[in-house]
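Remarks on the structure that follows.
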Amino acid sequence: MSKTALITGLTGQDGSYLAELLLEKEYKVYGLVRRSSTNNLTRIHHYSDRVELISGDLLDQHSLMDAIEQAQPDELYNLASQSYVPLSWTQPSLTAEYTAIGVSRLLESIRRVKPDTKFYQASSSEVFGQPDESPQTEKTAFRPRNPYGTSKAYAHWLTCNYREHYNLYACCGITYTHESPRRGAEFVFRKITQGAAMIKLGLAKELKLGNLDARRDWCHAKDAVAAMCLMLQQDTPEDYIIGSGKTHSVRELVDTAFQYVGLNYHDYVSVDPEFYRPDEAVQLVGSIEEIKLQLGWEPKYTFADLVQEMVDYDLKELHENRL
Ligand code: NAP
């Protein structure tokens, strides 16, 4: 019999890929979507007739209970949050409302309405902040360094607490940065692929960036959502690190993207002190040994695949809409 999933954050990068994956697996998919005065369904427009949209908001407990009542999900993936770290400094209370207390509302709703729902919480490597070891594992201590990471740490521990106290099937995927052509333009990976495409097409002359030697653990969003789905297919809930297990520098990313469009980045990229952040004392990079061992998951896309897919997408999109 086919399963039913409810996804919060359906309209975001991960939600849109996860829904696609679950539709391929013949799930009945419901998405919790908040009202917007403009169209926020652009990432799912190609299959929006195959998913059921339920109006709701992480800020509103009743809407969450009603959504679970209506969907009767076997699996609930909480991918909704205020997901942009810099904004969490200017809107710390709202970030906590969405990203921390919103999870409390969801877990309470599951417990009261359908406690046999399997629950996935989108945790983040930002919970480690300035970690005392590298690579980080599922056992590394949390030391978040911004309101976003602090809210995610609350949500993470609350999910573990509900698992232990109420015996819910609830687990957290601690994801490192993951990207795709559906990534928001404010994130550095997308800024670079878009920047290279714009310069190639003559739509921009330069690209200003921060610290080119900063290193990140980047993987493809499609790989990340495959891991999330796998985590809810087990007999017992476990938390896992989800990442590439490797780091690449911003410089490597810039070089790969510009080389791909036949340009030398030295001619176009400058370092702007406004965006500059010093190197981290300890690298944020996840050990994916546990998820490999227990679930047999590992990323399928390489770093170069990801850069090329995003540059190709940006070239096509700019060509169609800006030229
Ligand atoms: P995203 O593209 O920013 O999408 C966020 C989603 O949350 C959107 O669908 C948004 O809806 C929804 N949302 C925000 N506030 C809401 C609210 N109050 N009620 C209901 N929905 C709300 O994020 P993403 O990249 O897909 O990330 C998915 C999850 O993974 C997030 O929890 C994020 O924090 C976490 N994460 C992401 C990364 C990454 O590299 N992408 C890394 C670590 C963790 P609208 O369309 O209406 O704005």
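Some notes on this structure:
- Just one residue in the set LEU158, LEU168 is hydrophobic (A, V, I, L, M, F, W, C), surrounded by 15 or more Cβ atoms within 10 Å (Cβ to Cβ) and part of a loop (DSSP other than H, G, I, E, B); that residue is LEU168.
- Across segment 37-62, the number of residues qualifying as open to solvent by less than 60 Å² (accessible area, probe 1.4 Å), more than 9 Å from the ligand (Cβ to nearest atom) and not in a helix (DSSP H, G or I) comes to 3.
- Residue match in segment 191-201 (condition: modelled with pLDDT of 95 or more, surrounded by 16 or more Cβ atoms within 10 Å (Cβ to Cβ), touching a strand residue (DSSP E or B) at 6+ places or on another chain (Cβ under 8 Å) and within 30 Å of LEU295 (Cβ to Cβ)): no
To keep it simple, each residue is scored yes or no on (1) outside any loop (DSSP other than H, G, I, E, B); (2) over 20 Å from the mean Cα position of the chain (by Cα).
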position	(1), (2)
GLN70	yes, yes
GLN82	no, no
LEU94	yes, no
SER123	yes, no
SER134	no, yes
GLU138	no, no
ALA141	no, yes
SER151	yes, no
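- Residue count, segment 63-106 (criterion: open to solvent by less than 40 Å² (accessible area, probe 1.4 Å) and away from the ligand (no atom under 15 Å from the Cβ)): 2
- Counting the residues of segment 107-145 that are surrounded by fewer than 21 Cβ atoms within 10 Å (Cβ to Cβ) and of a type in the set (Val, Ile, Thr) gives 3.
- If you go through segment 281-312 and pick out every residue that is part of a helix (DSSP H, G or I) and surrounded by 18 or more Cβ atoms within 10 Å (Cβ to Cβ), you end up with 6.
- Scanning segment 18-36 finds one or more residues that are open to solvent by less than 30 Å² (accessible area, probe 1.4 Å) and assigned to a loop (DSSP other than H, G, I, E, B).
- Beta carbons closer than 7 Å, at least 6 apart along the sequence or on distinct chains, pair a first residue in segment 9-26 that is more than 17 Å from THR175 (Cα to Cα) and small (Gly, Ala, Ser) with a second that is part of a loop (DSSP other than H, G, I, E, B) and within 8 Å of the ligand (Cβ to nearest atom) for ALA19/LEU10.
- Residues that are under 22 Å from the mean Cα position of the chain (by Cα) and not in a helix (DSSP H, G or I) were ranked within segment 246-268; the one that is farthest from GLN194 (Cα to Cα) is LYS246.
The values are calculated or read from the model by the stated rules, or taken from the named source; none is laboratory data. This is a predicted model, so every value here is computed, not measured. Every residue, glycine among them, receives a Cβ derived from its backbone with ideal geometry; neighbour counts consider all protein chains shown. Areas reflect the complete protein model, heavy atoms only, side chains present, ligands, DNA and RNA absent. Shrake-Rupley method; radii C 1.70, N 1.55, O 1.52, S 1.80 Å.
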